Amino acid sequence: MKSQLKIYNTLAREKQVFEPLVPGHVGFYVCGPTVYSDVHLGNCRTFICFDVVHRYLVKLGYKVRYVRNITDVGHLVDDQDDGEDKIAKKAKVMELEPMEVVQHYTNGFHEMMEIFNCNKPNIEPSATGHIIEQIEMVQQILDKGFAYESNGSVYFDVKKFSESYPYGELSGRVLDDLRSGTRELDGQSEKRDSLDFAIWKAASDEHIMRWNSPWGEGFPGWHLECSVMSQKYLGETFDIHGGGMDLKFPHHECEIAQSVASYGTSPVRYWMHTNMVTVNGEKMGKSNGNSIMPAELFSGDHPLLTKGYSPMALRFFILQSHYSSNFDISNDALQASEKGYQRLMNSYKVLHELEYASNGSGIDAAEEKEIQDLCEKCYDRMNDDFNTAETIAVLFDMSKKINSFKEKHIPISSISEDTFQLLKATFTEFVRDVLGLKEETTGDNGLTDELIGFILEMRNASRERKDWATSDQIRDKLTELKIQVKDGKEGVSWTVG
RNA sequence: GACUCCGUGGCGAACUGGGAACGCUCGUGUCUGCAAAACACGUAUGAGUCGGUUCGAUUCCGACCGGAGUCUCCA
């Protein structure tokens, strides 16, 4: 009997047993990037974590509809009335058509997701592709009386809304506290209340991104696209909504308010939030100027790094901590993770080269049970709010077993063939399918394999002649080239790194 | 100021009301021509500080100290 999946629901502030709305199916929405700049490692962490969530849900047998949006309009530089659209601003700076900016950074984002081995969502809707639906939602909210028009813009009436429904439940905000924290509106403002937010924004004359609407030419407000697109593809209520912690307020709070205002029900059953990536203890943010970009990580071309690290090493590093914890990036930590990742993948390789053989010496019941327990633990740990850190710890315990089988410290015949196959399947599926880790190849169509195989043959020949000078010279040179030679009982093997 | 969260070995990082995982590092041993790898064993008598609850707390409660996040755009 396997344990049940539990998810820490940020709305309820507790771990809850996951029960999908429709048995066997999961509606899963993740807030994607605003495509006006390159993604940094903080962005990547969130998407990698939710990639694992998605992968595990699939592993559990759910039919998952995974929606991750692209925000390509509406995200203002600030919340002032003269706030500029982020995409439009970048377009001006780069002297490009706004959609060129969008396409450029969307491509870059997709490329990174591919490099980090993240599965593609089932639907990746963009805000500009859903202008009509957004206008409809604005109209619905107006019809319900929870919004008002002002100079061609439409604002969500937070005060009015809060008289009928709770506002601030997700982020734990109290309206009066919020209001006291904001500065007074000047006479120029179109808003009735400082807490109101734009759901439709009138376009000024020079604004390039504009659409016709019942309120004149304009563009949709930032929070609206997620409400509209999640509703369109997952329904008025769906199972899981994920995003970074920094989106909790105001973005997700506003999403809830918009959905409740337009059709009366809270949209999400389980809210999940990933914690922030920090550098020297400070949040990595686009506006903080401390971003580390994936390219800098790979090349090592960054003041904080002494060398480059591979995409999979970073992925492994990220998964070694829980998604809800702060995650500090440092060179030392990366280095430790890189080693660990290599160790794990080495066991992965060893496991696939292992063959079961019975020698009739009988099965060791304790060993048998230990292996079976480890396999079950993988599920237990992941079921506990996707605890990848603990899952990896179990996989390392399995690694020891795998290596012991290989080195014949434990005879492989001490477990049954069924248990061996269980170990093989579980280890493989958790490393490859759930955590999404893969072996990093040199991508040269096996030429390296052939070459090194040949060189090692030559070395073996000199070893048989006891010509240690030559064999050591070959080994030292290979080591210099970052190729590690391992002389085992069953012959020689090698790994890069 | 308000609201959250965190403070665990040399480093990273989990879990837990009753033996402090796992990875890296370091040490010893087995293996090996040697080395590496692998395996085995060891490495925090202690979990920011001070109180309280408890037979018993790192784990629950309170205070304090330190750090972070959100309250404005951010994954």
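The values are calculated or read from the model by the stated rules, or taken from the named source; none is laboratory data. In this text, all values refer to a predicted model and were calculated from it rather than measured experimentally. As a convention, Cβ positions derive from the backbone with ideal geometry for all residues, glycine included, and neighbour counts pool all protein chains shown. Surface accessibility is based on the protein's heavy atoms, side chains included, excluding ligands, DNA and RNA. Shrake-Rupley method; radii C 1.70, N 1.55, O 1.52, S 1.80 Å.
Could you say whether any residue in region A:363-380 is closer than 30 Å to residue A:15 by Cα, within 9 Å of RNA strand B (Cβ to nearest atom) and in contact with a Phe, Trp or Tyr (Cβ under 9 Å, 6 or more places away or on another chain)?
The answer is no; no qualifying residue exists.
Of the conditions (1) β-branched (Val, Ile, Thr); (2) near RNA strand B (Cβ under 9 Å from one of its atoms); (3) open to solvent by 40 Å² or more (accessible area, probe 1.4 Å), residue A:274 clears all except one; give me its number.
(3)
Could we say that residue A:418 is near RNA strand B (Cβ under 9 Å from one of its atoms), open to solvent by 10 Å² or more (accessible area, probe 1.4 Å), without any contact (Cβ under 8 Å) to a residue 40 or more places away in the chain and not hydrophobic (A, V, I, L, M, F, W, C) here?
Spelling it out, it is not the case that residue A:418 is near RNA strand B (Cβ under 9 Å from one of its atoms), open to solvent by 10 Å² or more (accessible area, probe 1.4 Å), without any contact (Cβ under 8 Å) to a residue 40 or more places away in the chain and not hydrophobic (A, V, I, L, M, F, W, C).
Tell me, which helices (runs of 4 or more DSSP H) wholly within region A:307-412 include 2 or more residues that are farther than 27 Å from residue A:43 by Cα and outside the structural domain of residue A:51 (by TED's automatic domain parsing)?
A:331-353, A:365-383, A:388-406
Please identify the pairs in which a residue from region A:471-487 that is closer than 10 Å to residue A:456 by Cβ and open to solvent by 90 Å² or more (accessible area, probe 1.4 Å) has its Cβ atom under 9 Å from the Cβ atom of a residue that is more than 9 Å from RNA strand B (Cβ to nearest atom) and in a helix (DSSP H, G or I), counting only partners at least 6 apart or on another chain.
The qualifying pairs do not exist here.
Where in region A:98-209 are the helices (runs of 4 or more DSSP H), entirely inside, with at least 1 residues that are closer than 17 Å to residue A:253 by Cα and touching a Lys or Arg at 6+ places or on another chain (Cβ under 8 Å)?
Those helices (runs of 4 or more DSSP H) span A:158-164, A:175-181.
Could you please give the count of residues in region A:225-239 that are under 20 Å from the mean Cα position of the chain (by Cα) and either polar (S, T, N, Q) or within 14 Å of RNA strand B (Cβ to nearest atom) (or both)?
Counting residues in region A:225-239 that are under 20 Å from the mean Cα position of the chain (by Cα) and either polar (S, T, N, Q) or within 14 Å of RNA strand B (Cβ to nearest atom) (or both) gives 2.
I'm checking my understanding of the structure. Among residues of region A:325-337 that are within 8 Å of RNA strand B (Cβ to nearest atom) and closer than 20 Å to residue A:387 by Cα, which one is most open to solvent (accessible area, probe 1.4 Å)?
The residue in question is A:326.
Test each condition in (1) under 30 Å from residue A:57 (Cα atoms); (2) open to solvent by 90 Å² or more (accessible area, probe 1.4 Å); (3) within 14 Å of RNA strand B (Cβ to nearest atom) for residue A:468 and report the one that comes out false.
Failing condition for residue A:468: (1).
Which pairs do you get when a residue that is within 25 Å of residue A:383 (Cα to Cα) and open to solvent by 10 Å² or more (accessible area, probe 1.4 Å), found in region A:34-57, comes within reach of a residue that is of a type in the set (Ser, Thr, Tyr) and within 8 Å of RNA strand B (Cβ to nearest atom), reach meaning Cβ atoms under 6 angstrom, with the pair 6+ apart or on two chains?
The qualifying pairs are A:46/A:274; A:49/A:274.
Quick test of your reading of the structure: residue A:380 fulfils all but one of (1) acidic (Asp, Glu); (2) at pLDDT 95 or above; (3) in contact with a helix residue (DSSP H, G or I) (Cβ under 6 Å, 6 or more places away or on another chain). Name the failing condition by number.
Residue A:380 satisfies every listed condition except (3).
What is the number of the single condition among (1) open to solvent by 20 Å² or more (accessible area, probe 1.4 Å); (2) touching a helix residue (DSSP H, G or I) at 6+ places or on another chain (Cβ under 7 Å) that residue A:287 does not meet?
Evaluating residue A:287 over (1) open to solvent by 20 Å² or more (accessible area, probe 1.4 Å); (2) touching a helix residue (DSSP H, G or I) at 6+ places or on another chain (Cβ under 7 Å) leaves (2) as the failure.
Considering each residue of region A:421-452, count those that are without any contact (Cβ under 8 Å) to a residue 12 or more places away in the chain and loosely packed, with under 13 Cβ neighbours inside 10 Å, and give that number.
Selection size over region A:421-452: 9.
So residue A:427 clears everything in (1) farther than 18 Å from residue A:368 by Cβ; (2) away from RNA strand B (no atom under 11 Å from the Cβ); (3) in the same structural domain as residue A:309 (by TED's automatic domain parsing) except one condition, right? Which one?
Status for residue A:427: all satisfied but (1).
Every residue, every condition in (1) over 19 Å from the mean Cα position of the chain (by Cα); (2) surrounded by fewer than 22 Cβ atoms within 10 Å (Cβ to Cβ); (3) more than 6 Å from RNA strand B (Cβ to nearest atom), yes or no:
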| site | (1), (2), (3) |
| --- | --- |
| A:251 | no, yes, no |
| A:265 | yes, yes, yes |
| A:282 | yes, yes, no |
| A:310 | no, yes, yes |
| A:314 | no, no, yes |
